[in-house]
1. Nearest 20 debye, what's the magnitude of the dipole of the chain about its Cα centre given +1 on Lys and Arg Cβ and -1 on Asp and Glu Cβ?
2. Of Ala381, Trp271, Asn307, whose Cα points farthest to the positive end of the dipole of the chain (charges on the beta-carbon: +1 Lys, Arg; -1 Asp, Glu; origin at the Cα centre)?
3. Whenever you get a sec, compute what percent of the accessible area on region 200-288 sits on carbon and sulfur atoms (1.4 Å probe).
4. Give the dimensionless ratio obtained when the Cα radius of gyration of the chain is divided by 2.2 N^0.38 Å.
5. Give Lys357/Lys427; Lys304/Lys347; Lys38/Lys303; Lys242/Lys304; Lys357/Lys424; Lys304/Lys353 a once-over and call out the pairs whose C-alpha atoms are over 25 Å from each other.
6. Just to confirm my numbers, what's the Cα centroid distance between region 184-221 and region 227-297 in Å?
7. Could you give me the ³J(HN,Hα) list for region 354-367, computed from phi with Karplus coefficients 6.51, -1.76, 1.60 and θ = phi - 60°, whole Hz, x at Gly and Pro?
8. What full-extension length gain, to one decimal in nm, is calculated for Lys427 and Lys295 as 0.36 nm per residue of separation minus the Cα-Cα distance?
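The values are calculated or read from the model by the stated rules, or taken from the named source; none is laboratory data. Please read these numbers as outputs of a predicted model, since none were measured by experiment. Counting neighbours? That spans all protein chains shown, and the Cβs are built from the backbone with ideal geometry, glycine included. Quick note on the areas: whole protein, heavy atoms, side chains included, nothing else; ligands and nucleic acids left out. Shrake-Rupley method; radii C 1.70, N 1.55, O 1.52, S 1.80 Å.
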Amino acid sequence: MSDDVVTRFAPSPTGYLHIGGARTALFNWLYARGRGGKFLLRIEDTDRARSTPEATAAILQGLAWLGLDHDGEVVSQFERAPRHAEVALELLAQGKAYKCFATQEEIEAFRAAAKAEGKSTLFRSPWRDAEASAHPDAPHVIRIKAPLEGKTVIRDEVQGDVTIGNDQLDDMVLLRSDGSPVYMLAVVVDDHDMGVTHVIRGDDHLNNAARQMMIYDAMGWDVPVWAHIPLIHGADGKKLSKRHGALGAQEYQVMGYPAAGMRNYLSRLGWSHGDDEFFTDAQALEWFDLGGIGKSPARFDTKKLENLSGQHIAASDDAALQRELVAFLEAAGLPALTEAQDAALLKAMPFLKERAKTFPELIDKAQFALTSRPVQVDEKAAKALDVENRTLLAQLTPHLQNDSWDRDSLEAKLNDFAERHDTKFGKLAAPLRAALAGRAVTPSVFDMMLVLGPEESLARITDVAT
Ligand code: GLU
C-alpha cells in the first residue's frame, strides 16, 4: 500500500456543510486515512460575494462533529491568488496562454454570428496567434490555448473513461482583466501545490475535469486520480433538496444521531462492501476503496440511518456515549445535565443504549433517572394509581426493605408478592411504573429499580402509596 496518498476536501464556504459535502469529505478521509495518507482541507473562498466566515466556521464544526480531522493548516484558496496568477503568467511566458483583448461586445457579436451560421458558439479569439507587437495598450484577459484537435480522456475511477472532443473546449480565461485568477485555475494550482494525488468529488465537477486537464497538460504536471461520485438523491429518486428534509450535516447532530452512526450511514451512500451495512470505523478504513463506489446515485433513507444509528448507540462504550450525549444536548440547545443526572444516566446507560435509535429517544427512556421527587405522574400513568393499586403498593414496601437489591431477588420478591395477593406481576407493573417514572411506558421495572437504588425507589413508591 502506498503511503503517499493525499486527498482533500475543498468546500466553498457559501453555506453549512451539507450531506453531499459531508459524504465527499468522508470518502476522502477514509481513502487517505485507510492508506496512511494525508487528508487536507481547502476552503474555496474565491467567490468573495458568497463566501462568509460563518459558513467556514459551520463547515469546520460539521467536520469536527463527524470526526473528520484534516492534516496541516486549512488552506484558503483566496489567499493563494498571487500563486495562481504566477502560473497563468508562466503559461503566458511559455506561449501556452495568450493575452486576449476582445471586448465583451466583440465576444457577443462573435457568438451571435456563429449562431446565425449554425456553428459552435465557443469563442475563438482572434488574439490567439497575434504577435506581441500587435497588442494594443488596453485591458485584456489571459486565455489558455486549448488543444484544437483530438480528444481529452478523463480516466475516472468511478465513471470509467470519459472522452470529450477537444472541439468542445474553448480557450478558457485564466486571469481576468483585473488580474484575478479564475476558479478553474485556482483548483488545479492548489491541488498540484498541495500534492493531491486523488480527487474524489461530486460528479457535478466532471465537466470541469476536462478543462482542468488542459492546465495540467500545459504545465506538464501529473494529473491526479479522479473519482467523480454520483450525487445523492432523496427517497423519491430526485436530487436531494430541502423538501426531502434536513440537508445540513449538523442538523443530524441536533436530531441526535451519533457521529459514528452518521459516518457509517454516509459511507454507505454510494459505496458498498458486499452486503455489509453496519460496520465500525476501523472496518470502513480497512475496506474503503474507489472500486466500491457505484455509478448510480444513492438514495437517502432516514430509516436506514436510524437503524444504523441505533446499532452504533448500542455498540458504544458507556462513558463515550455519555460524552457524546452531553455534546448533543449543547448542540440542540437543551439544558445540561446536573451532576446527579449525569451519574444516574451513566448508571442507566448499559440498558438504555440497547433500545434507543437516537439521543432524544435515549433521553426519553432515561426520564425516570433524570427526574427527581416528587415524580410528576402523567394522565395515563395516574390511571394505574387508583386506591386499590395504591394500597397494593403500600403493602409491597415493607417487603422491599432490608433486602438485597439485585435483579434476581427483586424479581423473586415481586413475583412472590403478586402471587400472594392473587395477582400477576403484570398487574403490579403499571402502578410501579407510575410510581417510579410517572409514566405508563417506561424501561423495565427492574432496570429502573436497580438504577434508582433501594432508597430512592422506596421513597418514590411510598410517595404515591396509601
Ligand atoms: N468547491 C467545490 C465545491 O464545493 C469543490 C471543488 C473540487 O472538489 O474540486 O463543490
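1. Details: 52 positive and 68 negative charges, 226 e Å.
Rounded to the nearest 20 debye, it is 1080 debye.
2. Among Ala381, Trp271, Asn307, the one farthest towards the positive end of the dipole of the chain is Ala381.
3. Working: 1750 of 3530 Å².
Exposed carbon and sulfur together represent 50 percent of the surface.
4. Numbers: Rg = 31.6 Å, N = 466, 2.2 N^0.38 = 22.7 Å.
In units of the globular-protein estimate, the chain measures up at 1.39.
5. Lys357/Lys427; Lys304/Lys347; Lys38/Lys303; Lys357/Lys424
6. The distance from the Cα centre of region 184-221 to that of region 227-297 comes to 25 Å.
7. 6, 10, 10, 8, 9, 5, x, 5, 5, 5, 4, 5, 8, 3
8. On the way: separation 132, 0.36 × 132 = 47.52 nm, distance 5.69 nm.
Result: 41.8 nm gained on full extension.
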